[in-house]
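Engineer: The following block contains the structure, expressed as structure tokens.
The values are calculated or read from the model by the stated rules, or taken from the named source; none is laboratory data. The structure displayed is predicted, hence computed values, not measured ones. Reconstructed Cβ throughout: ideal geometry from the backbone, glycine too, with neighbour counts over all protein chains shown. What goes into the accessible areas is simple: the full protein's heavy atoms, side chains included, and nothing from ligands, DNA or RNA. Shrake-Rupley method; radii C 1.70, N 1.55, O 1.52, S 1.80 Å.
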Amino acid sequence: AHKQVILSQINALEVDEISPIFENQKECAIKIVEELQDRKIINIMILALTQSGKTGTMNALIKNYLIYNNLSPIPIENIYIITGLSSKEWVSQTKIRLPKSIEDRVFHRDHLTKDFVNNIKDKKNVLIICDEIQIAARKNQTLHKSFKDAGFCDKDFLLNNDIKIIEFTATPDGTIYDQMKWEDNSCKIQMHPGEGYTSCFDLYNSGRVFQYKDLYCFDRKNKEFN
């Protein structure tokens, strides 16, 4: 019953165009679910250009995972959306664009170390979707501390408890090297932008990107304002 409720909520978000799911997002979600059918895969990094539709892909992922993952049906209360961003706006926008059934498990940086860790501890068969994985992910930063406290830095713990971590990022920075340490327990997926998408590279190539000018009007050489 819970499964049908969340699927209905996702479909309603799509019909009402609050969170439409485009073809490129569907394709990426299907690739993720296909990889997760291999039980040894516990970490997937999605490389996606900025504003290429990560939220729609998250909805498509949840939808397809609930429909096609018959080997190990996941309880709705075991689906989480988190970020290392410290942003109440991100939380409110994410809750609006994702199914209402999981809004209590949407956490940003300020609520990771206590609320998220306390909520997820001792759970098995879990799906964690991380937005902007590169933020606060360094050692001793919030996301790293939270994962460590929850036991997620231990590969055997994740495998034994069937915990899957899906990471979304446009700028992976050092996290891509961290993921390489997971070897055959992880993989990367390139999400391609949809039709009509304009990237910063397109703007640059079309001559619409210019060097900024110093608006501070301070002559650094003579140390005086112009």
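Engineer: Residues of region 36-54 being open to solvent by 40 Å² or more (accessible area, probe 1.4 Å), within 16 Å of the chain's Cα centre (by Cα) and either within 15 Å of residue 166 (Cα to Cα) or among the β-branched types (Val, Ile, Thr) (or both), which ones?
Structural biologist: We begin by selecting, within region 36-54, every residue open to solvent by 40 Å² or more (accessible area, probe 1.4 Å); these are 37-40, 49-51.
This time we only want the ones that are within 16 Å of the chain's Cα centre (by Cα), so: 49-51.
Residue satisfying the conditions is 50 alone.
Engineer: Say we look at region 1-23 and pick out the residues that are among the β-branched types (Val, Ile, Thr) and assigned to a helix (DSSP H, G or I); which of these is nearest to residue 61 (Cα to Cα)? Give the derivation first.
Structural biologist: First, pick out the residues of region 1-23 that are among the β-branched types (Val, Ile, Thr): 5-6, 10, 15, 18, 21.
Retained after the next criterion (residues that are assigned to a helix (DSSP H, G or I)): 5-6, 10, 15.
Values: 5: 16, 6: 12, 10: 11, 15: 17 Å.
Per the stated criteria, the residue is 10.
Engineer: Do we find a residue being open to solvent by 70 Å² or more (accessible area, probe 1.4 Å) and at pLDDT below 90 anywhere in region 73-82? Spell out the reasoning first.
Structural biologist: So the first thing to find is which residues in region 73-82 are open to solvent by 70 Å² or more (accessible area, probe 1.4 Å), and the list is 73, 77.
Next cut, at pLDDT below 90 only: 73.
Yes, region 73-82 contains a residue that is open to solvent by 70 Å² or more (accessible area, probe 1.4 Å) and at pLDDT below 90.
Engineer: So which of 18, 41, 6, 32 is touching a residue at least 24 places away in the same chain (Cβ under 8 Å) and more than 17 Å from residue 127 (Cα to Cα)?
Structural biologist: Details: 41 fails: more than 17 Å from residue 127 (Cα to Cα); 6 fails: more than 17 Å from residue 127 (Cα to Cα); 32 fails: more than 17 Å from residue 127 (Cα to Cα).
Among 18, 41, 6, 32, only 18 is touching a residue at least 24 places away in the same chain (Cβ under 8 Å) and more than 17 Å from residue 127 (Cα to Cα).
Engineer: Within region 89-99, which residues are open to solvent by less than 40 Å² (accessible area, probe 1.4 Å) and part of a helix (DSSP H, G or I)?
Structural biologist: 90, 91, 94
Engineer: Can you confirm whether region 36-44 contains a residue that is among the acidic types (Asp, Glu) and assigned to a helix (DSSP H, G or I)?
Structural biologist: Just the residues of region 36-44 that are among the acidic types (Asp, Glu), to begin with: 38.
Adding the requirement that they be assigned to a helix (DSSP H, G or I) leaves none.
No.
Engineer: What about residue 163, is it open to solvent by less than 90 Å² (accessible area, probe 1.4 Å), at negative phi and at pLDDT 90 or above? I'd like the intermediate steps shown before the answer.
Structural biologist: Working: open to solvent by less than 90 Å² (accessible area, probe 1.4 Å): yes; at negative phi: yes; at pLDDT 90 or above: yes.
Yes; evaluated as a whole, the condition is true for this residue.
For every residue, the table says whether it meets (1) modelled with pLDDT under 90; (2) among the hydrophobic types (A, V, I, L, M, F, W, C); (3) within 16 Å of residue 191 (Cβ to Cβ).
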{"residue": "3", "(1), (2), (3)": "yes, no, no"}
{"residue": "23", "(1), (2), (3)": "no, no, yes"}
{"residue": "40", "(1), (2), (3)": "no, no, no"}
{"residue": "44", "(1), (2), (3)": "no, yes, yes"}
{"residue": "52", "(1), (2), (3)": "yes, no, yes"}
{"residue": "57", "(1), (2), (3)": "no, no, yes"}
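Per-residue answers, yes or no, for (1) over 28 Å from the mean Cα position of the chain (by Cα); (2) at pLDDT below 80; (3) within 28 Å of residue 154 (Cβ to Cβ):
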site: 173; (1), (2), (3): no, yes, yes
site: 178; (1), (2), (3): no, yes, yes
site: 186; (1), (2), (3): no, no, yes
site: 195; (1), (2), (3): no, yes, no
site: 201; (1), (2), (3): no, yes, no
site: 204; (1), (2), (3): no, yes, no
site: 209; (1), (2), (3): yes, no, no
site: 216; (1), (2), (3): yes, yes, no
site: 220; (1), (2), (3): yes, yes, no
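Engineer: Out of 3, 88, report the one residue that is of a type in the set (Lys, Arg) and farther than 19 Å from residue 128 by Cβ. It would help to see each step written out before you state the result.
Structural biologist: On the way: 3 fails: farther than 19 Å from residue 128 by Cβ.
Going through 3, 88 in turn, just one is of a type in the set (Lys, Arg) and farther than 19 Å from residue 128 by Cβ: 88.
Engineer: Next up: Within region 166-187, which residues are farther than 17 Å from residue 33 by Cα and open to solvent by less than 50 Å² (accessible area, probe 1.4 Å)?
Structural biologist: Within region 166-187, the subset farther than 17 Å from residue 33 by Cα is 169-183.
Passing the criteria: 169, 170, 172, 174, 175, 176, 179, 182.
Engineer: Tell me which residues, restricted to region 100-159, are touching a residue at least 40 places away in the same chain (Cβ under 8 Å), among the β-branched types (Val, Ile, Thr) and either in a helix (DSSP H, G or I) or open to solvent by 60 Å² or more (accessible area, probe 1.4 Å) (or both).
Structural biologist: If the condition is that a residue be touching a residue at least 40 places away in the same chain (Cβ under 8 Å), among the β-branched types (Val, Ile, Thr) and either in a helix (DSSP H, G or I) or open to solvent by 60 Å² or more (accessible area, probe 1.4 Å) (or both), then 102, 120, 142 are the ones that fit.
Engineer: Follow-up question, since we're still on this one. Could you tell me how many of the residues in region 20-56 are in contact with a Pro (Cβ under 9 Å, 6 or more places away or on another chain) and of a type in the set (S, T, N, Q)?
Structural biologist: Taking region 20-56 as the starting set, the residues that turn out to be in contact with a Pro (Cβ under 9 Å, 6 or more places away or on another chain) are 24, 45, 47-49, 51-53, 56.
From the residues that got through so far, the ones that are of a type in the set (S, T, N, Q) too are 24, 51-52.
The total comes to 3.
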